[in-house]
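J.: Below you'll find the structure I mean.
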Amino acid sequence: MIIGVPKEIKNNENRVALTPAGVSEMKKHGHVVYVQSTAGLGSGFADDEYTQAGAVVLPTIEEVYAIAEMIIKVKEPIASEYPLIKKDQLLFTYFHFASSEPLTHAMLEKGAVCLAYETVEKTDRSLPLLVPMSEVAGRMAIQQGAKYLEKPLKGRGILLGGVPGVPPAKVLVLGGGIVGTQAAKMAAGLGAQVTIMDLSLPRLRQLDDIMPANVNTEMSNHYNITRAIKDADLIVGAVLIPGAKAPHLITRDMLKLMRPGAVVVDVAVDQGGCIETCTPTTHENPTFIIDDIVHYCVANMPGAVPYTSTLALTNATLPYAVQLANKGWEKACSENEELKKGLNIANGKILYKGVAEAWNLPY
Ligand code: NAD
C-alpha cells in the first residue's frame, strides 16, 4: 500500500504519526511510505532519518495527500486539508467527530474512510490508542505540579519529597485509572505522601497491591475529599466517566478550605474538569490563580513532550497501521474487532453510533 505521512498543521502540534522505525517496519511489509518534509522535526526526527529508513520525503502536503492510499496522522484534518482528501482514501488518526460537526460533514462529503484512534477498543473495553496519552499526562501532572509548587511560580514553596528532617508534600490523586496510577507512581517515586481516591473498590484493591508504602488508597466520596483537600499540597484531577462530563468533586466553595499556594492539576479538564474552577488553559499560559490556589488545566498536556508522546503513540498505533496496510481496511476490520470499532465513517455513511447521535445523522 502507498502510505502518506503529512506534517501536522494544527496549532502547536509537534507530534508525527510515523517514526523512522515505523517507516522501516512498513517497508519490511512491502509498503511504500511518503513523508512530508519536516513532518518529524518537532518530535526530533530529521528528514534524513526518514530517508535512511526507506521513506520518500516530499516537499508539500498536497503531494503527500495526492499519492497516498492511506494517510496516517495524529490530529483530525483541519479545514485547509479537506480539499486534499480523496474519495475512498483511508485516514487513520484521532478524529473526535462528536466534538466537530463540520469535520463530520466534510468527511462524509469527501467519501473518506475514517478510522479513529480514539474509538479503537479492546474486548475488555479499554481504549489502546488513548492509553499512551493518559500515561504521558499522568506522569507529567506531577512534574508540572512540582514546578508550580515553587514560590516564584506562586506555589506554597514546598519540595515534593521533603529532605531528611523535613516531611514530604502531600499529594491527592482523584481517580485511580491510567492517569491517576501514573501520577501516583511518579509522586511516590519523588518521596511525596500520596493518597489515591477512586469509586471502584476492586480498583483500590489492585492499586493497594501494586503501589509503594507511601501511597494510601481511599474511597472517593464528598466527606473524604473535603477532609483530604485541607492539607493537600498538590491535587491531581484524573477521574473519567466514559461518555459523560467529569463530576465536580471539588467545588468553588471548597477552595477556601485548602492551603494558600496549593496546586491543582486537573488532567480531566478535557472532559470538563473535576475541579469546578478549572477551565482549559494552554502551554503558552498554563496556569491561573483563584482563591490563592494555582490551577494548571492544560487540555493537551502530551503536546509539551512531543518526543515521548510520538514514541508512546506510535508504539500503540503501528501494529494496527500495519494490519490496515497489509490487508486493506475492509479485510483488516472484518478480521479484527478492535479495529472495526475504530471505523467511524466509510462509503459516505456514519458507522459509529456516538457520532451519528451527536449530530442527529443516520447510522
Ligand atoms: P480511566 O478511565 O483510566 O480512569 C478514570 C478513573 O476515574 C476510573 O478508575 C474511575 O473509577 C474513576 N472515577 C470515576 N468517577 C470517580 C469519582 N467520582 N471519584 C474518583 N474516581 C472516579 O481514565 P484516564 O485514562 O485515567 O483519563 C482520565 C482523564 O484524563 C480523562 O478525562 C482523559 O480524557 C483525561 N486526559 C487528559 C489529558 C490532557 O492532556 N489534559 C491527556 C490524557 C487524558
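The values are calculated or read from the model by the stated rules, or taken from the named source; none is laboratory data. Not measured: the values here are computed from a predicted model. Backbone-built Cβ (ideal geometry, glycine too); neighbour counts: all protein chains shown.
J.: In region 149-199, which residue that is more than 16 Å from the ligand (Cβ to nearest atom) and in a helix (DSSP H, G or I) is farthest from Ile225 (Cα to Cα)?
T.: To start, the set of residues in region 149-199 that are more than 16 Å from the ligand (Cβ to nearest atom) comprises 149-170, 188-193.
Within this subset, residues satisfying the condition of being in a helix (DSSP H, G or I) are 151-153, 188-189.
Details: Lys151: 25, Pro152: 28, Leu153: 26, Ala188: 20, Gly189: 23 Å.
Applying the filter and picking the extreme gives Pro152.
J.: Determine if region 285-300 includes at least one residue that is without any contact (Cβ under 8 Å) to a residue 40 or more places away in the chain, in contact with a Cys (Cβ under 7 Å, 6 or more places away or on another chain) and crowded, with 18+ Cβ neighbours inside 10 Å.
T.: Yes, that holds for at least one residue.
J.: Could I ask something else about it? Hey, among the residues in region 70-97 that are free of Cβ contacts under 8 Å to residues at least 24 places away in the same chain and in a helix (DSSP H, G or I), which one's nearest to Ala17 (Cα to Cα)? Full working, then the answer.
T.: Initial filter on region 70-97 (free of Cβ contacts under 8 Å to residues at least 24 places away in the same chain): 83-84, 96.
After this cut, where a residue has to be in a helix (DSSP H, G or I) as well, the list is 83-84.
Working: Pro83: 21, Leu84: 18 Å.
By that ranking, first place goes to Leu84.
J.: Quick one: count up the residues across region 220-265 that are among the aromatic types (Phe, Trp, Tyr) and within 18 Å of Pro167 (Cβ to Cβ). Full working, then the answer.
T.: Within region 220-265, the first condition is being among the aromatic types (Phe, Trp, Tyr), and the residues that meet it are 223.
Filter again for within 18 Å of Pro167 (Cβ to Cβ), leaving none.
Selection size over region 220-265: 0.
For every residue, the table says whether it meets (1) touching a helix residue (DSSP H, G or I) at 6+ places or on another chain (Cβ under 7 Å); (2) surrounded by fewer than 24 Cβ atoms within 10 Å (Cβ to Cβ); (3) of a type outside the set (Gly, Ala, Ser).
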| site | (1), (2), (3) |
| --- | --- |
| Ala39 | no, no, no |
| Ile72 | yes, no, yes |
| Ala79 | no, yes, no |
| Tyr82 | yes, yes, yes |
| Phe92 | yes, no, yes |
| His96 | yes, yes, yes |
| Leu103 | yes, yes, yes |
| Gly111 | no, yes, no |
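A quick yes/no check of all residues on (1) in contact with a Ser or Thr (Cβ under 8 Å, 6 or more places away or on another chain); (2) among the hydrophobic types (A, V, I, L, M, F, W, C); (3) within 18 Å of Leu174 (Cβ to Cβ):
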residue	(1), (2), (3)
Leu249	yes, yes, yes
Lys256	no, no, no
Pro306	yes, no, no
Asn326	no, no, no
Leu339	no, yes, no
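J.: Filter region 38-69 down to residues that are within 25 Å of the chain's Cα centre (by Cα) and assigned to a loop (DSSP other than H, G, I, E, B) and give me whichever is farthest from Leu311 (Cα to Cα).
T.: Taking the candidates together, the pick is Thr38.
J.: Name the single residue that is farthest from Glu101 (Cα to Cα) among those in region 345-363 being touching an Asp or Glu at 6+ places or on another chain (Cβ under 9 Å) and buried (at least 16 other Cβ atoms within 10 Å of the Cβ).
T.: Ala346
J.: If only one of Val23, Val64, Val35, Val16 is out of contact with any Leu (no Cβ under 9 Å at 6 or more places or on another chain), at pLDDT 95 or above, of a type in the set (A, V, I, L, M, F, W, C) and buried (at least 17 other Cβ atoms within 10 Å of the Cβ), which one is it?
T.: Val23 is the lone residue from the list that is out of contact with any Leu (no Cβ under 9 Å at 6 or more places or on another chain), at pLDDT 95 or above, of a type in the set (A, V, I, L, M, F, W, C) and buried (at least 17 other Cβ atoms within 10 Å of the Cβ).
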